[in-house]
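Trainee: A single structure is presented below for examination.
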Amino acid sequence: MTAANVFSIEDFNLWYGNDQALYHINMAVPRKEITAVIGPSGCGKSTLLKTLNRMIETIPIVNTSGIIKYNDNNIFEKKQMVEELRTHVGMVFQKPNPFPKSIYENVAYGPKIHGIKKKNVLDEIVEKSLRGAAIWDEVKDRLNQNAYGLSGGQQQRICIARCLAIEPDVILMDEPTSALDPISTLKIEELIKELKKDYTIIIVTHNMQQAARISDKTAFMLNGELVEFSDTDQIFSNPKDKRTEDYITGRFG
Ligand SMILES: Nc1ncnc2c1ncn2[C@@H]1O[C@H](COP(=O)(O)OP(=O)(O)OP(=O)(O)O)[C@@H](O)[C@H]1O
Ligand SMILES: [Mg+2]
């Protein structure tokens, strides 16, 4: 049986050295929905996101307390292998970061690491992933060209395809469109809505219109606290907390 919530975050705290960055976070992330995380710069959005696939642990001064369950298993328990968690929980970053390799190799990279060697199997994964990321038609005739030769928006979709190729369950996106022009941004937003059919998506965004456009649930953070977490419609039309209201109406942040 799979839990209704992909992640259950229970009284989670995080420190960088002596500085606490997250305070008593409680949050349940529903499966196959889009959850947006908003809030002013420095409030802890990226920290929370990077915790969910334990990327945060690459920073040695980080300490945590509390529980984060992924499908009912605490991700901090030793038996939870970090590598395994990361195959289920993929990540797309703010700046498109393709490898300096061909388009094909970028997407085949993850499956190859997981031991898939057969060319026909890899070909299939690459095509499926590129189609899933809505970029197949644009690149199918130049799969062997370097991914650096693509536009920023195309590179970001290659990065999404690279993420899809490992067949994740959850996709974490940290401001995936902030480096992109408006048209590429809309394409990625359409894509994210499409991906919701098969994946759970957690997206950090500075763009409140974007959160309102694409997400089902919205989390508003401030100074390391989760101030309010609820249906996106509710957050934007009838926030419960004055601080949320001030933020979404642009009174601060
Ligand atoms: N590697 C680090 N070492 C020490 N402190 C850090 C580190 N990374 C982040 N912080 C601190 O933790 C707090 C939260 O940072 P975080 O990057 O999570 O914020 P954010 O909400 O993603 O901000 P932004 O919108 O600017 O990306 C900030 O006070 C930041 O200075
Ligand atoms: Mg950030």
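The values are calculated or read from the model by the stated rules, or taken from the named source; none is laboratory data. As the structure is a prediction and not an experimental result, all values here were calculated from the model. Methodologically, a virtual Cβ is constructed for each residue, glycine included, from the backbone with ideal geometry; neighbour enumeration extends over all protein chains shown. To get the accessible areas, we keep the full protein, side chains included, count just its heavy atoms, and leave off ligands, DNA and RNA. Shrake-Rupley method; radii C 1.70, N 1.55, O 1.52, S 1.80 Å.
Trainee: For Arg131, are the conditions met, namely being among the charged types (D, E, K, R), buried (at least 23 other Cβ atoms within 10 Å of the Cβ) and out of contact with any strand residue (DSSP E or B) (no Cβ under 6 Å at 6 or more places or on another chain)?
Mentor: Values: among the charged types (D, E, K, R): yes; buried (at least 23 other Cβ atoms within 10 Å of the Cβ): no; out of contact with any strand residue (DSSP E or B) (no Cβ under 6 Å at 6 or more places or on another chain): yes.
The answer is no for Arg131.
Trainee: I would also like to ask the following. With the requirement that a residue be open to solvent by less than 20 Å² (accessible area, probe 1.4 Å) and within 16 Å of ligand 1 (Cβ to nearest atom), what does segment 174-199 give you?
Mentor: Asp174, Pro176, Thr177
Trainee: Among (1) closer than 16 Å to Ile160 by Cβ; (2) away from ligand 2 (no atom under 16 Å from the Cβ); (3) not polar (S, T, N, Q), where does Met91 come up short?
Mentor: (2)
Trainee: Identify the residue in segment 45-61 that is near ligand 1 (Cβ under 10 Å from one of its atoms) and open to solvent by less than 10 Å² (accessible area, probe 1.4 Å) and, among all such residues, is modelled with the lowest pLDDT.
Mentor: Ile56
Trainee: Scan segment 200-212 for residues that are more than 14 Å from ligand 1 (Cβ to nearest atom) and either crowded, with 22+ Cβ neighbours inside 10 Å or modelled with pLDDT under 95 (or both) and report the count. First the steps, then the outcome.
Mentor: Narrowing segment 200-212 to residues more than 14 Å from ligand 1 (Cβ to nearest atom): 200-201, 209, 212.
From what's left, either crowded, with 22+ Cβ neighbours inside 10 Å or modelled with pLDDT under 95 (or both): 200-201, 209.
Number satisfying all stated conditions: 3.
Trainee: Look at Glu228 and say whether it is over 15 Å from the mean Cα position of the chain (by Cα) and assigned to a helix (DSSP H, G or I).
Mentor: No, not satisfied.
Trainee: Same structure, new question: Would you call Pro168 open to solvent by less than 30 Å² (accessible area, probe 1.4 Å) and either of a type in the set (S, T, N, Q) or within 16 Å of ligand 1 (Cβ to nearest atom) (or both)? Before the answer, list the steps.
Mentor: Numbers: open to solvent by less than 30 Å² (accessible area, probe 1.4 Å): yes; either of a type in the set (S, T, N, Q) or within 16 Å of ligand 1 (Cβ to nearest atom) (or both): no.
Taking the combined requirement at face value, the residue does not satisfy it.
Trainee: Now a separate question. For segment 20-43, how many residues meet the condition of being within 15 Å of ligand 2 (Cβ to nearest atom) and open to solvent by 10 Å² or more (accessible area, probe 1.4 Å)?
Mentor: Initially, segment 20-43 is screened for residues within 15 Å of ligand 2 (Cβ to nearest atom), giving 21-22, 36-43.
Narrowing further to those that are open to solvent by 10 Å² or more (accessible area, probe 1.4 Å): 21, 40-42.
Going through segment 20-43 one residue at a time, the tally reaches 4.
Trainee: Something else now. Any idea which residue in segment 62-106 is surrounded by the fewest Cβ atoms within 10 Å (Cβ to Cβ), counting only those that are β-branched (Val, Ile, Thr) and in contact (Cβ under 8 Å) with a residue 60 or more places away in the chain?
Mentor: Let us first name the residues in segment 62-106 that are β-branched (Val, Ile, Thr), namely 62, 64, 67-68, 75, 82, 87, 89, 92, 103.
Filter again for in contact (Cβ under 8 Å) with a residue 60 or more places away in the chain, leaving 68, 87, 89, 92.
On the way: Ile68: 21, Thr87: 16, Val89: 23, Val92: 24.
So, considering only residues that are β-branched (Val, Ile, Thr) and in contact (Cβ under 8 Å) with a residue 60 or more places away in the chain, the one surrounded by the fewest Cβ atoms within 10 Å (Cβ to Cβ) is Thr87.
Trainee: Within segment 55-76, take every residue that is in a strand (DSSP E or B) and within 20 Å of the chain's Cα centre (by Cα) and give me the one that is nearest to Gly110 (Cα to Cα). Working first, answer last.
Mentor: First pass over segment 55-76, keeping only residues in a strand (DSSP E or B): 62-70, 73-74.
Going one step further and asking which of them are within 20 Å of the chain's Cα centre (by Cα), we end up with 67-70, 73-74.
Working: Ile67: 28, Ile68: 25, Lys69: 25, Tyr70: 21, Asn73: 24, Asn74: 25 Å.
Within segment 55-76, the match that is nearest to Gly110 (Cα to Cα) is Tyr70.
Quick grid of which residues meet (1) surrounded by 21 or more Cβ atoms within 10 Å (Cβ to Cβ); (2) more than 23 Å from Leu52 (Cα to Cα); (3) within 16 Å of ligand 2 (Cβ to nearest atom):
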site: Ile113; (1), (2), (3): no, no, no
site: Ile116; (1), (2), (3): no, yes, no
site: Gln145; (1), (2), (3): no, yes, no
site: Ser151; (1), (2), (3): no, yes, no
site: Ile158; (1), (2), (3): yes, no, no
site: Leu172; (1), (2), (3): yes, no, yes
